[in-house]
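K.L.:
Submitted below is the structure of interest, expressed as structure tokens.
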Amino acid sequence: GASGADLQQVIGHGLGMPKTVGLSANQVGIMKQICVVDLSIGHRGYTDLWVLVNPRVIWWSKSVVERPEGCINFNDTWGVTRRSRSVRIAAFDRSGNELEFKLTGWPATLLQHEIDHINGRLFIDRLPEPSKAHLVHPEDYDTYRKSKPEQWEQLVDVTAQAVTLPEFYQSVEN
């Protein structure tokens, strides 16, 4: 299981990264199925920080959304991924209590992203064209967020870093 020290280390890393809304333990060298997520994503002025142990998606909506995603593992790299609009999550909180809850919109995308990390997948693995990922420097971040991603002209090829997922994993549900 997850020790208190492991949990605190992941929480500490997650809280110390500006503009970061999620972090999985394996991103900071802790090989445990833990993530810290701010489910207030999309709302400014408050946080809703959750620590989840052994999170998994137990239901995916058939309705999907295409959204730009980025990741601290790939500074300056963004791209549009397809994710389920809504998901049902099962997990444990840091006290060992069982949780089950439904998320829709950005929080659903965030949890799918972090659970992918826990399972060894990255958002770049889900890009339809990894050779055309979006290069977004910090000073261009606000412009990128307000733009239409398909019109973004600064591109970067992440094909060498991306893993071609088996067909089973290419569905939205995984």
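The values are calculated or read from the model by the stated rules, or taken from the named source; none is laboratory data. These numbers were taken from a predicted model, which means no experiment stands behind them. Backbone-built Cβ (ideal geometry, glycine too); neighbour counts: all protein chains shown. With ligands, DNA and RNA removed, areas are computed over all heavy atoms of the protein, side chains included. Shrake-Rupley method; radii C 1.70, N 1.55, O 1.52, S 1.80 Å.
K.L.:
From GLY105, GLY45, grab the single residue that is open to solvent by less than 70 Å² (accessible area, probe 1.4 Å) and on the phi > 0 side of the Ramachandran plot.
P.N.:
Result of the check over GLY105, GLY45: GLY105.
K.L.:
If the requirement is being modelled with pLDDT under 90 and over 18 Å from GLU66 (Cα atoms), which of these qualifies: TYR141, TYR169?
P.N.:
Unique residue meeting the criteria: TYR141.
K.L.:
I'd like the full set of residues that are under 22 Å from ARG56 (Cβ atoms), open to solvent by less than 60 Å² (accessible area, probe 1.4 Å), assigned to a loop (DSSP other than H, G, I, E, B) and not basic (Lys, Arg), limited to the stretch 108-150.
P.N.:
Result: LEU122, single match.
K.L.:
Give me the residue from the stretch 89-102 that is open to solvent by less than 70 Å² (accessible area, probe 1.4 Å) and of a type in the set (Gly, Ala, Ser) and, out of that set, farthest from LYS32 (Cα to Cα).
P.N.:
Out of the qualifying residues, it is ALA90.
K.L.:
OK, next. Residues being more than 15 Å from GLU129 (Cβ to Cβ), among the hydroxyl-bearing types (Ser, Thr, Tyr) and open to solvent by less than 40 Å² (accessible area, probe 1.4 Å): count how many of those fall in the stretch 55-88. Can you show your working first?
P.N.:
Taking the stretch 55-88 and keeping what is more than 15 Å from GLU129 (Cβ to Cβ), we get 55-65, 67, 70-76, 83-88.
Filter once more, so that each one left must be among the hydroxyl-bearing types (Ser, Thr, Tyr): 61, 63, 84, 86.
Filter once more, so that each one left must be open to solvent by less than 40 Å² (accessible area, probe 1.4 Å): 61, 84, 86.
Of the residues in the stretch 55-88, 3 are more than 15 Å from GLU129 (Cβ to Cβ), among the hydroxyl-bearing types (Ser, Thr, Tyr) and open to solvent by less than 40 Å² (accessible area, probe 1.4 Å).
K.L.:
Out of the residues in the stretch 27-36 that are among the β-branched types (Val, Ile, Thr) and closer than 13 Å to ILE72 by Cβ, which is surrounded by the most Cβ atoms within 10 Å (Cβ to Cβ)?
P.N.:
Within the stretch 27-36, the subset among the β-branched types (Val, Ile, Thr) is 28, 30, 34, 36.
Remaining after also requiring closer than 13 Å to ILE72 by Cβ: 28, 36.
Details: VAL28: 15, VAL36: 24.
That would be VAL36.
Here's the yes/no breakdown for (1) closer than 22 Å to LYS148 by Cα; (2) charged (D, E, K, R); (3) touching a Pro at 6+ places or on another chain (Cβ under 7 Å):
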position	(1), (2), (3)
SER24	no, no, no
GLN27	no, no, no
CYS35	no, no, yes
ARG56	no, yes, no
SER63	yes, no, no
ASN73	no, no, no
LYS102	no, yes, no
ASN119	no, no, no
PRO130	yes, no, no
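K.L.:
Hey, another quick one. Residues that are among the β-branched types (Val, Ile, Thr) and modelled with pLDDT of 70 or more, at least 2 per element: which strands (runs of 3 or more DSSP E) completely within the stretch 1-69 meet that?
P.N.:
34-38, 49-60
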